[in-house]
Amino acid sequence: MSKLDENIAKAESYLARFKAEGVLNHIAGETVPAADGSTFEIISPVDLQPMASVARGKAEDVDRAAKAAKAAFAEWAAMPGDARKKLLHKIADAIVARAEEIAFVECMDTGQALKFMSKAALRGAENFRFFADRAPEARDGKVLRTSDQTNMTTRVPIGPVGVITPWNTPFMLSTWKIAPALAAGCTVVHKPAEFSPLTARLLVEIAEGAGLPKGVWNLVNGLGEEAGKALTEHPDIKAIGFVGESRTGSMIMRQGAETLKRVHFELGGKNPVVVFADADLDRAADAAVFMIYSLNGERCTSSSRLLVEESIYEAFTAKVAEKAKRIKVGHPLDPETVVGPLIHPVHERKVLDYIDIGRGEGATVAAGGAKFDGPGGGCYVSPTLFTGANNQMRIAQEEIFGPVLTAIPFRDEAEALALANDVQYGLTGYVWTSDVTRAFRFSDRLEAGMIWVNSENVRHLPTPFGGVKNSGIGRDGGDWSFDFYMETKNIAFATGVHAIPKLGG
Ligand code: NAD
């Protein structure tokens with residue numbers, strides 16, 4: 001039996017329960033169907049066959065979940081930080097214990113390659129451990145003195161929160177948003193993406209199995225415009241942590257306006273990787289290729305615009321094209337696969353349409369440029385490189401969210417900066433140069449929330465994560481996550497006898 005066949009057999013055994021039971025909601029510690037009994041089907045990105053029917057939660061389900069989160073809040077918020085820390089570490093241990101199941105289910109649900117997803121559980125567990133360790137100090141504040149008052153700031157959890165996640169790497173992103181919420185003392189209602197809801201289901205059952213009290217973490221599956229919308233409008237939900245498209249962020253802001261929701265948005269990107277002629281070009285090429293073709297290019301931080309100094313443009317893009325052509329596209333559970341099938345035929349269509357648009361705009365296909373006939377006949381698209389592009393083209397301006405890279409030449413640093421900043425997005429930027437002064441000057445002026453110099457995207461949990469412009473509002477990571485999930489409160493104590501104005505005699 002080949003390794004792939006062995007993996008497929010294992011994946012089938014992990015997926016069998018979803019085929020049999022469907023994917024249910026989880027509210028107040030109970031596994032339940034949608035209140036009105038309705039469901040929707042999910043299909044495999046590998047062979048487009050049905051994988052499971054999923055509870056189609058609506059406003060009534062969200063209301064039950066929000067009430068459960070509200071009921072559980074006082075006790076959870078009052079739990080001492082040390083106890084919360086222990087419990088969150090237990091959840092991390094339980095995630096690691098089911099690492100293989102999580103990886104295989106995630107691969108089959110999303111089409112992401114095992115090469116990258118094999119670490120999904122470990123990264124998810126690390127998110128829990130990182131915030132667990134900070135739970136005991138989450139409430140700490142500052143002391144600020146005046147001559148006759150001492151001000152004490154403290155933080156308190158904001159209340160029940162909603163977490164809405166996208167389909168691209170759902171397990172990692174769910175842990176990234178939910179772990180700090182729990183560590184802060186908030187209770188949660190999670191609405192995962194309708195294309196890939198399976199690992200969210202595993203997560204909540206792992207957490208409760210590890211001892212998380214009922215009602216602290218609730219799961220409502222459903223469509224964005226139904227369950228998602230209801231969650232953003234619910235008066236008991238105090239904040240929405242959202243990861244997804246920029247235009248969905250706008251909708252959520254509108255929907256949450258009536259109840260004055262606090263929002264945190266991690267949105268789309270059209271991130272430049274800027275390569276100057278003096279860079280270490282081998283490393284720059286490896287990084288550019290990795291950052292666009294890993295995770296199927298379905299990655300908010302992908303380096304989807306390659307800006308290359310004119311003098312090396314031909315040679316550098318030829319090198320990238322060669323690498324792109326050699327990338328193995330295949331079954332997500334094949335250990336050699338780099339690019340698996342895209343999540344869904346709807347998304348595949350969008351990516352292929354962009355490839356047609358690029359051709360129509362006059363760019364040259366230097367690699368890929370078509371659907372790939374992969375195992376199972378699913379949503380495979382060949383790693384694609386466009387050369388001869390300019391920054392006005394739609395393939396340079398719009399987020400494609402697939403394995404498609406658009407390469408644009410620049411004359412000098414000023415032009416590189418102008419091109420890099422001339423998009424509506426500002427999530428990440430990557431700069432390759434051996435001139436340290438230029439690296440500093442350039443990154444200082446680059447409009448992005450996160451910039452890596454002579455490096456691909458290496459996530460360090462204490463650092464702030466988030467975007468500027470249409471790429472987001474707010475920051476995750478380190479203490480920034482707690483700032484979102486908590487309210488800062490100031491208490492002023494008189495330490496002297498200050499003059500109190502006497503009104504009315
Ligand atoms: P999406 O915006 O379509 O959906 C995200 C989630 O929002 C889903 O759960 C969906 O059901 C829900 N939703 C949709 N409409 C809603 C509404 N009206 N009210 C409430 N919820 C609603 O995004 P997607 O297609 O699932 O994911 C891809 C996008 O996510 C890309 O733009 C990508 O860049 C972005 N993303 C950003 C980051 C980041 O950290 N910045 C990370 C991953 C993905």
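The values are calculated or read from the model by the stated rules, or taken from the named source; none is laboratory data. None of the values given here were measured: they were computed from a predicted structure. Here Cβ is always computed from backbone atoms with ideal geometry, including for glycine, and neighbour counts include all displayed protein chains.
Scanning region 330-354 for residues that are within 21 Å of CYS107 (Cα to Cα), touching a strand residue (DSSP E or B) at 6+ places or on another chain (Cβ under 9 Å), aliphatic (A, V, I, L, M) and in a helix (DSSP H, G or I) returns a single hit, VAL351.
Summed over region 355-410, residues that are without any contact (Cβ under 8 Å) to a residue 12 or more places away in the chain and in contact with a strand residue (DSSP E or B) (Cβ under 9 Å, 6 or more places away or on another chain) total 1.
In summary, strands (runs of 3 or more DSSP E) completely within region 29-115 and bearing 3 or more residues that are within 15 Å of ARG201 (Cα to Cα) and out of contact with any Gly (no Cβ under 9 Å at 6 or more places or on another chain) occur at 30-32.
Take the conditions (1) of a type outside the set (Gly, Ala, Ser); (2) in a helix (DSSP H, G or I); (3) within 27 Å of PRO170 (Cβ to Cβ); ILE312 misses just one of them, which is (3). The lone criterion from (1) within 15 Å of the ligand (Cβ to nearest atom); (2) at pLDDT below 95 left unmet by LEU427 is number (2).
Results for (1) out of contact with any Pro (no Cβ under 9 Å at 6 or more places or on another chain); (2) under 13 Å from SER304 (Cβ atoms), shown as yes or no for each residue.
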site: HIS344; (1), (2): no, no
site: TYR354; (1), (2): yes, yes
site: GLU361; (1), (2): yes, no
site: GLY376; (1), (2): no, no
site: GLU399; (1), (2): yes, yes
site: GLY402; (1), (2): yes, yes
site: ASP422; (1), (2): yes, no
site: TYR425; (1), (2): yes, yes
site: GLY429; (1), (2): no, yes
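State whether one or more residues within region 377-388 are surrounded by fewer than 19 Cβ atoms within 10 Å (Cβ to Cβ) and modelled with pLDDT of 95 or more. Scanning region 377-388 turns up at least one residue that is surrounded by fewer than 19 Cβ atoms within 10 Å (Cβ to Cβ) and modelled with pLDDT of 95 or more.
Considering region 224-295, the qualifying strands (runs of 3 or more DSSP E), each wholly inside and each with 3 or more residues that are within 11 Å of the ligand (Cβ to nearest atom) and within 15 Å of the chain's Cα centre (by Cα), run over 239-243, 262-266. A search for C-beta distances below 7 Å between a residue of region 432-446 that is β-branched (Val, Ile, Thr) and any residue that is in a loop (DSSP other than H, G, I, E, B), counting only pairs 6+ apart in sequence or on different chains, returns THR433/PHE276; THR433/ASP278; THR433/ALA279.
For region 190-208, the set of residues classified as within 15 Å of the ligand (Cβ to nearest atom), among the charged types (D, E, K, R) and not in a loop (DSSP other than H, G, I, E, B) consists of LYS191, ARG201, listed by residue number.
Out of curiosity, is VAL308 in contact with a Ser or Thr (Cβ under 8 Å, 6 or more places away or on another chain), within 20 Å of ASN271 (Cβ to Cβ), away from the ligand (no atom under 16 Å from the Cβ) and at pLDDT 95 or above? When the stated conditions are applied, VAL308 passes them. I'd like to check something: does region 390-401 contain any residue that is assigned to a strand (DSSP E or B), surrounded by fewer than 24 Cβ atoms within 10 Å (Cβ to Cβ), basic (Lys, Arg) and at negative phi? The answer is no; no qualifying residue exists.
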